[in-house]
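I have placed the structure first, in the form of structure tokens, so that the comments after it can refer back to it.
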Amino acid sequence: MNKHLNNIKRIVVKVGTSTIIDPQGFINKEKIFSLIKDIVELRRSGYEVILVSSGAVGCGNVELNIKKNTSLSQKQASAAVGQITLLNYYYDYFKIFNTNIGQLLLTRYDIENRKNNLNATNTINELLKQNIVPIINENDSTVIDEIKVGDNDNLGALISILAQADLYIILSDIDGIYTDNPKTNKDAQFLDIIEKVDDKIISYASGKGSEFATGGMATKLEAAIKVNAAGIKMIITDGSVDGVLGKVMNHNIKYSLFLESDKKLVAKKKFLLTTSKMNGSIIIDEGACQALIKDNASLLPVGVKEVIGTFDIGDAIEIKDLNNKVIALGIVNYSNDDINEIKGLHTNEFKRKLSNKYLYDTIVHKDNLVIK
Ligand code: GLU
């Protein structure tokens, strides 16, 4: 047992299309079955498991005998067909082990919108409470660019954050991250523990001429940055190994482990980290910047200079200094119209001004702030 994997309870497992579809272009039923057996065993050992599965487009293409998706609508049609195929396998195979599954098809909108995000979180928690395995994919058939996560490495990361998982395991076609492409450079070093994804680590994944590293590894590192910042560990390992999940938890397999940052963030702050599209911004004066950064204070109306964009209570916004530099992200307690009315005012003045609309003393409470 790796000491870093003590105290793990909730695990998000991400499986990619390359595991679901074999190199000959057929659905890899044996692999899907072995993955499910592995998940069932993990659950029997006391872990909670959430599965983020790709393969909708791939399975759809197999069903429809399509070799290459030529248009977006064709791809979305394939996803509509293939999601059923994929879930049929999951349904049949999990039933063999008397295990129920529940499907969630999400988009970035569901993650960024606080109400949807809360509902998705509650549904996942309820499924787990009832011993049901949540199986999640992006809603590929309806998603448009503006609200697309785009790849399941990142989707799995966002799910790990909203479900407050302890560990995110990405099953890949490589056993972890190397300093260079191990296929072409025999001196490439394997990295078993990564304390922080810094520029050096990122350079390993984007080095020119390293075929394994582009795309695939880049989105995995983006995922690691997200989950690690939210206090969650991440592992990349080779999904083709039989019983891979059990072997990870028993430290019986090679893997790269990305350690979480030691900051403990409350749920709302985690929500902010999952939100990439901000609803607007608030420009604040120098004194307020200092108070936020140095004193870990809340943002009060008195420090607000300007409000940009249209937003409502509970929306995520950027907080900028007078040079237009983003210094923090936050969840607002008032709409842009209300803030415009009370900006620059001291507490008593703005309470009076807002009268029955007054709810909170702060524009953004410190618990709902993440300093950049
Ligand atoms: N959601 C896509 C699918 O199910 C996969 C996205 C990805 O491969 O990262 O086909």
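Structure values in brief
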item	result
Normalised alpha carbon radius of gyration of the stretch 32-98 [divisor 2.2 N^0.38 Å]	1.32
Förster radius 30 Å - calculated FRET efficiency between ASN323 and ASN116 (Cβ-Cβ, nearest 0.05)	0.30
The stretch 141-174 versus the stretch 106-127: alpha-carbon centroid distance in Å	13 Å
Relative contact order of the stretch 306-356, defined on C-alpha pairs under 8 angstrom at six or more residues apart (%)	34 percent
Förster-model FRET efficiency, 22 Å R0, ASP337 and LYS366, C-beta, rounded to 0.05	0.40
Cross-link reach list, aspartates and glutamates versus LYS183, counting only Cα pairs under 12 Å and skipping chain neighbours closer than eight places	GLU211
The chain - share of DSSP beta bridges that are antiparallel (%, nearest 5)	40 percent
Relative contact order for the stretch 1-144, counting Cα pairs under 8 Å that sit 6 or more residues apart, in percent	24 percent
Binned Cα-Cα distances of the chain, short to long, each 10 Å bin given as a whole percent	5, 22, 29, 23, 14, 7, 1, 0
Nitroxide proxy distance, nm - points 7 Å out along Cα→Cβ at GLU126 and GLN164	1.8 nm
Sequence-separation-based contact order of the chain, relative, with Cα cut under 8 Å and 6+ spacing, percent	14 percent
Residue pairs, from the table LYS95/LYS247; LYS226/LYS294; LYS320/LYS357; LYS186/LYS254, whose Cα atoms sit over 22 Å apart	LYS95/LYS247; LYS226/LYS294; LYS320/LYS357
Nitroxide proxy distance, nm - points 7 Å out along Cα→Cβ at ASP192 and ASP92	4.0 nm
Probe 1.4 Å - accessible area at ASP361, Å² to nearest ten	70 Å²
Longest site-free stretch - the chain; sites: GluC sites (Glu not before Pro), DSSP loop, at most 14 other Cβ within 10 Å	1-194
Potential lengthening between SER240 and LYS254 on full extension [0.36 nm per residue; Cα-Cα distance subtracted]	3.8 nm
In the stretch 1-76, chymotrypsin sites (Phe, Trp or Tyr not before Pro) in a DSSP loop with at most 12 other beta-carbon atoms within 10 Å	PHE26
Directionally averaged projected area (convex hull, Cα atoms, the stretch 279-335), nm²	3.3 nm²
On Cα atoms only, tilt of 152-162 relative to the major axis of the chain in degrees	50 degrees
Gained length - LYS68 relative to LYS200, 0.36 nm times residue gap less alpha-carbon distance	44.0 nm
Shape parameters for the stretch 100-163, alpha-carbon atoms, Rg then Dmax in Å	11.4, 34
Only Lys, Arg (+1) and Asp, Glu (-1) charged, at Cβ; the chain dipole about Cα centre in debye	520 debye
Helix 286-295 axis, angle to the chain major axis (alpha carbon atoms, nearest 10°)	50 degrees
Exposure ranking of SER240, SER160 by accessible area [1.4 Å probe, largest first]	SER240, SER160
Degrees, to the nearest 10: 72-96 long Cα axis against longest axis of the chain	70 degrees
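The values are calculated or read from the model by the stated rules, or taken from the named source; none is laboratory data. Just so it is clear, the structure is predicted and the values come from calculations on it, not from any experiment. Here the Cβ is made from the backbone with ideal geometry for all residues, glycine too, and neighbour counts use every protein chain on show. When the accessible area is computed, the model is the full protein with side chains, heavy atoms only, and any ligands, DNA or RNA have been set aside. Shrake-Rupley method; radii C 1.70, N 1.55, O 1.52, S 1.80 Å.
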